[in-house]
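Comments concern the structure below.
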């Protein structure tokens, strides 16, 4: 009998409601993280659902957002959507942690950079303050911040150095899964490379599973082994990174690669949507990409393709296959 995956996500749907209309941010997304050491890039245009997906894994969707009934997020066989209190807090730090978008700007300006790491360690373990401080300094050393800088303040650090602090904070309790949401988007190219090398090294050294959320396809080779491409709240293609980049199957993936777009343009939420009874809802009877696809044919306009395995290790949601 095969063992259960480390993380199993089934039919994950998230909806944002605003008075007289609602938007589906995630639409029945399913995937698995089989074990520690598995690395996956989540890529797509702005508004495709990438960040919502990462926040959902930690059960951090807040009103007006809501994880829909029928969604399941199982960690080590336990549905985390049913966890509360200390169990949920421990899951978020000890099992799965996240480097958030613009995390480097969230550090308390009147506290030394080691302070949030010390606090997390003390809140979740029985470590004394001196023990937590020693651990925090060691973690900062591991991400390239010298001991004599550990008690400096955020304004004394560059953006890249503050991002290193954010990574150290996410690793404070030795989680098994690390979610990194656009951790290099606000950094210059040289610092981006340094942070990516740091993540690659830490993930490998600690045997972590990594979910790396990005809009930059070009940075994924060497960092992750697998890629899931998201479009309008759905995964439309998934497989090994080299296969995805060199032999894309879905027309949307093909478009992203051919244009080398940065994906920071605003999404057109009206494309492929219809207004019904005061709600903005996704058109369920047609392929969400049909209005942009150069391969579109009649079936695409009347039937939504499902994500199916088309060869070993590769999945695609497209009627071409």
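Data for the structure
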quantity: Fully extended contour minus Cα-Cα distance, from residue 72 to residue 309, at 0.36 nm per residue; calculated: 83.2 nm
quantity: Rounded tilt (10° steps) of 189-206 against the dominant C-alpha axis of the chain; calculated: 80
quantity: Separation of the residue 10 and residue 245 label points, Cα + 7 Å toward Cβ, nm; calculated: 3.4
quantity: Residues residue 102 and residue 189, FRET efficiency given R0 of 25 Å [Cβ-Cβ distance, rounded to 0.05]; calculated: 0.85
quantity: Förster radius 22 Å - calculated FRET efficiency between residue 254 and residue 299, Cβ distance, rounded to 0.05; calculated: 0.70
quantity: Sequence ranges 76-89, 203-216, ranked by mean other-Cβ count within 10 angstrom, highest first; calculated: 203-216, 76-89
quantity: Linear extension gain, residue 148 paired with residue 21, 0.36 nm per residue minus alpha-carbon span; calculated: 40.4 nm
quantity: Alpha-carbon centroid distance for the pair segment 25-81 / segment 101-120, whole angstrom; calculated: 25
quantity: Residue-averaged 222 nm ellipticity for the chain, from DSSP H runs of 4+ at -39500 (n - 2.57), nearest 500; calculated: -7500 deg cm²/dmol
quantity: Efficiency of FRET from Cβ geometry, residue 86 and residue 32, R₀ 22 Å, rounded to 0.05; calculated: 0.25
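Each value in this text was obtained by applying a stated rule to the coordinates, not by laboratory testing. Only a predicted model underlies this, so the values are computations on that prediction, with no experimental measurement involved. Positions of Cβ are backbone-derived with ideal geometry, glycine not excepted, and every protein chain shown enters the neighbour counts.
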